[in-house]
Amino acid sequence: MLRRPSSDIRPQQPPVERVLFVVLSVAFAVTAALQFFLADAMSVWWPFVLAAALTVASLICLYAALHDPGD
């Protein structure tokens, strides 16, 4: 009986989904950079918190784009 390799059976993330995660990650990263510049120009604390949260969101999206769900 013929057997398929396990790499054929594992669910793979669709390429469109990977591209969308990368685009979302870039959008979060650009917005975080803008927030860091805004925080530097202002004398309030909240843009730093927002920029940090956007940076974390960007890294999570990048991880989701590059991570193989079969692992």
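Coordinate-derived values only; no laboratory data. This is a predicted model, so every value here is computed, not measured. Using ideal geometry, Cβ is built from the backbone for each residue, glycine included, and neighbour counts are taken over all protein chains shown.
Across region 14-66, how large is the tail of the calculated P(r) beyond 11 Å, expressed as a percent of all Cα pairs? Value for region 14-66: 63 percent of Cα pairs lie more than 11 Å apart. From most to least packed by mean Cβ count within 10 Å, the peptides 36-49, 53-66 give 53-66, 36-49. Between residue 52 and residue 66, the distance separating the two model label sites (each 7 Å from Cα on the Cα→Cβ line) works out to 2.3 nm.
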